[in-house]
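So the structure is just underneath, and the comments pick up after that.
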Amino acid sequence: MPNLSFHQLSKHYGPVTVLDGFTATALPGRVTAFLGVNGAGKTTSMRILLGLADPTSGTATVDGTRYADLPHPTRVVGAVLDQGLHPNRSARNHIRLTAMQAGVPATTADQLLERFGLGPAAGRRVGGFSLGMRQRLALASALVGDPSVLVLDEPLNGLDPDGIREMRRFLRTFADAGGTVFLSSHLLSEVAAVADDLVVIHRGSLAAAGPVHDIVTDDTDLESVFHNLIHSNDTEEAWS
Amino acid sequence: MKTLVSLELYKLRTTPAAWVSLAVTLVLGAASVASNALVPSPGGPAFGSTDHVNHALSVSALTSMVMLAIGVLVVAGEYRHRTIMQTFLGEPRRARVLAAKAVTVLGLGAILGAVTFGIAYAEAVIIYGARGVHSLPVDVVQLWVGATVASALYGLVGVALGALTRNTVAAIVGAIAWVMVIEVGILASALPDVAQWLPAGAAVALTSVGSAAHGMLSPTTAALVLTGWALLISGVAARFSLNREAH
């Protein structure tokens, strides 16, 4: 099962530095939560990992290979970013399209729609879907190639409590089967309930990384730890 | 490449835009043939003359502009709906994606141009035949090939403009403004020697016979010129769009 690796990753847009030597890993069999405030560099890191943006320097790889060099990328990595769904395309046609991309049969796509509770809505236009339904469709589409890695940007957004519980259960099962899960989220309490490892990014650099139980001790919680990490980094920077 | 082209065709047939465009083209094409053939224009060419039939069969302007719009939608539409990211996740080699879109639209343009002209020709045969003109005095093969080639190449130009602008409205409005205002409206009368070498001038030369083709490039030269423009714009699009980040 593949791991994910960011090594000395930097990204500049003109004078603006978005990533500054970011280094981190996500391991198989683990759910790794990727945390950071807005603009910290989470989405940019994920986009570089998935070949949607080029780094200024450094590397982001899947088991040592750039995403763009994977022979069948969607069979290795399932991704849910902010990619769109055509509003006038039905859910069935959308997921069958991703199945064609991955080179898997349409029946696999149809089964995933059923598994994610979208069977009754399969023929409906995606434009009429709720945010939660769109999230489930995006996740089902990411799984169509039976990948061993999941890269998810804010997958819990828009889900109701039942949906969040189902998502947590799904991610746990996926990782327990040996899969690599790398997800970003702002919902810290939900992240704490499912993540094995944390990667915290702040201002484009690694702020903290390691198993959740090493970072979040019994006498504190993830929210406090996260706040302190960000706050301490800002303070150090202000005094430097 | 075969899979990528299949994907592009699947995308087109699972959204309404292509079907609406097809229906509009066929309806407007048929209506324009009937209108141009049957509605007399004062001072216009005599019924059944080469110029009259040429005017009646002038559906390639319609198919060319429709294919230009479809070409734009195939690329810029993906940016508009943000589906381009899913496309690039499935095939990270963007040049292959752009090439597949170009091949798909070229093929569709050729089919749409050929079929629409075929229908127009059949309609014209019936209309003129009913009024005693049993042999149309035009080079049908030239017009048919011209309509096919022009539609295909305008589709390719649309793909290139969509890749360059990533904006459906800007690309379509910009292209129509260039053709209708700059080329046809201004340059065709002000600088005809220059206009004949431009995309619309070459398309007119490629798809016209009779007096409409006087002073224009020969059909073969026009086809080469239009191909050159399509390849040039595609090259510029590839040069400046492939390395831009997808959002």
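Side notes on the structure shown:
- For the stretch A:39-55, taking the residues that are within 15 Å of residue A:186 (Cα to Cα) and touching a residue at least 40 places away in the same chain (Cβ under 8 Å), the one that is nearest to the other protein chains (Cβ to nearest Cβ) is identified as A:43.
- Test: residue in the stretch B:19-41 that is among the β-branched types (Val, Ile, Thr) and either touching a Lys or Arg at 6+ places or on another chain (Cβ under 6 Å) or within 14 Å of chain A (Cβ to nearest Cβ) (or both): yes
- Taking residues in the stretch A:84-98 that are more than 8 Å from chain B (Cβ to nearest Cβ), and partners anywhere that are among the acidic types (Asp, Glu) and surrounded by fewer than 24 Cβ atoms within 10 Å (Cβ to Cβ), the pairs with Cβ atoms closer than 8 Å and at least 6 places apart or on different chains are A:92/A:110; A:95/A:110.
- Residue in the stretch B:190-208 that is at pLDDT below 85, open to solvent by 40 Å² or more (accessible area, probe 1.4 Å) and in a loop (DSSP other than H, G, I, E, B) present: no
- Some residue of the stretch B:107-130 being in a loop (DSSP other than H, G, I, E, B) and surrounded by fewer than 23 Cβ atoms within 10 Å (Cβ to Cβ): no
- Qualifying residue in the stretch B:66-73 (condition: open to solvent by 30 Å² or more (accessible area, probe 1.4 Å), more than 14 Å from chain A (Cβ to nearest Cβ) and either touching an Asp or Glu at 6+ places or on another chain (Cβ under 8 Å) or of a type outside the set (Lys, Arg) (or both)): no
- Residues of the stretch A:52-71 that are closer than 20 Å to residue B:11 by Cβ and part of a strand (DSSP E or B): none at all.
- In the stretch A:56-66, the count of residues that are touching a helix residue (DSSP H, G or I) at 6+ places or on another chain (Cβ under 6 Å) and open to solvent by 40 Å² or more (accessible area, probe 1.4 Å) is zero.
- The stretch A:119-136 - residue that is closer than 21 Å to residue A:153 by Cα and surrounded by 15 or more Cβ atoms within 10 Å (Cβ to Cβ) and, of those, farthest from the other protein chains (Cβ to nearest Cβ): A:132
- Of all the listed residues (B:82, B:96), the sole one being of a type in the set (D, E, K, R) and assigned to a helix (DSSP H, G or I) is B:96.
- The listed residues are B:140, B:133, B:103, and the only one of them that is closer than 23 Å to residue B:175 by Cβ, in contact (Cβ under 8 Å) with a residue 12 or more places away in the chain and of a type in the set (A, V, I, L, M) turns out to be B:103.
The values are calculated or read from the model by the stated rules, or taken from the named source; none is laboratory data. As the structure is a computational prediction, the values presented were derived from the model and not from experiment. Cβ sites come from the backbone with ideal geometry, for glycine too, and all protein chains shown count toward neighbours. Only protein heavy atoms, including side chains, enter the accessible area calculation; ligands, DNA and RNA are left aside. Shrake-Rupley method; radii C 1.70, N 1.55, O 1.52, S 1.80 Å.
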